[in-house]
Amino acid sequence: MKNKLLCSCLVLCSLSAFSQKNYWRAVSQNDALKITGVSRFFKEGFQPASYKLFTLDEVGLASVLKGQQSLISNGSVIIYLPVADGSFEKFSVKQSSVMEPELQARYEDINTFEGHDLDDPLKSVVISYSKLGLHASIMVSGNKTNYINAVNPKSKLYTVFARNELDKSDMRFKCETKFGLPEKLANKVGPSGNIDDGKLRTYRLAVCTTGERSQFFMTGMEQSKQDSTNTVLSALVVYLTRVNQVYERDLGVHMVLVSNEDKLIFLNA
């Protein structure tokens, strides 16, 4: 009996140590240039005010994330993630799909996760992992959202930054709504709805992509139509995972891509 108990403890300890291994390594700007051969790490005219660079052992971390159901009894696993100041924080994460089951079954290499910081349970994280690499956003009320983005699938290089009002962007959002309510509405009581009833509602989402937009997502590594569809779907999952993080917090809404979403992806103009 004692031997069995000792073996069980050793197994649990080894699993815990394995799941908490740090697969990230900070790199300098010069090292990043050698890895990628390019001087720009961002697209779409965006440049954060400051950022950090890391490489990731994707195979190692993916083996933990994809095998997480067998590691921890409650379906969670502890992993390290880098944050904008260059340090690392520990998060407890578990799988949370943004695709309907039939679609998820066809694209088993596209996975999404959600969780929280072990030291600050109110700090949430969402992660998507696919052929495009790992993408994550870390959010907590009162602080700037942190983003982890893959530079490109080949390099295993990642940027980590926090949104800042000094970020440069060709697509900066500008709100032109005039503030203030019309006098006839100013004293009226707002409608009572179910947005704050504490329930999480799931909605099915169908996203149609044009050929032009699909081409924007291409990495140059696609060798077939199915590869191209996988690339576009992976990109849509990155966006939806991050949108869900905000909608779940603010509106109690979780969206999943419909089962035939891959039929709504057009590859030619």
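Would you mind checking which residues have amide H under 5 Å from Y23's amide H? H placed 1.01 Å from N; only 5 or more apart, or other chain.
When sequence neighbours closer than 5 places are left aside, the close amide H contacts are Y80.
Collect residues whose amide H, placed 1.01 Å from N in the peptide plane, falls under 5 Å from the amide H of M255; neighbours closer than 5 in sequence don't count.
Long-range HN contacts for M255: Y203.
Using θ = phi - 60° and the Karplus form 6.51 cos²θ - 1.76 cosθ + 1.60, what ³J(HN,Hα) does each residue of segment 242-249 get, whole Hz, x for Gly and Pro?
Those phi angles translate into 6, 5, 4, 4, 6, 5, 5, 5 Hz.
What are the residues whose amide H is under 5 Å from the amide H of K123, where those residues sit 5 or more places off or on another chain and H is modelled from the backbone?
D117
With the cut-off at 25 Å, tell me which of the pairs K178/K199; K21/K131; K94/K144; K21/K43; K52/K90 have Cα atoms farther apart than that.
K178/K199; K21/K43
No value in this document is a laboratory result; all are computed from the given coordinates. Note that the coordinates shown come from a computational prediction; the quantities given were computed from them, not determined experimentally.
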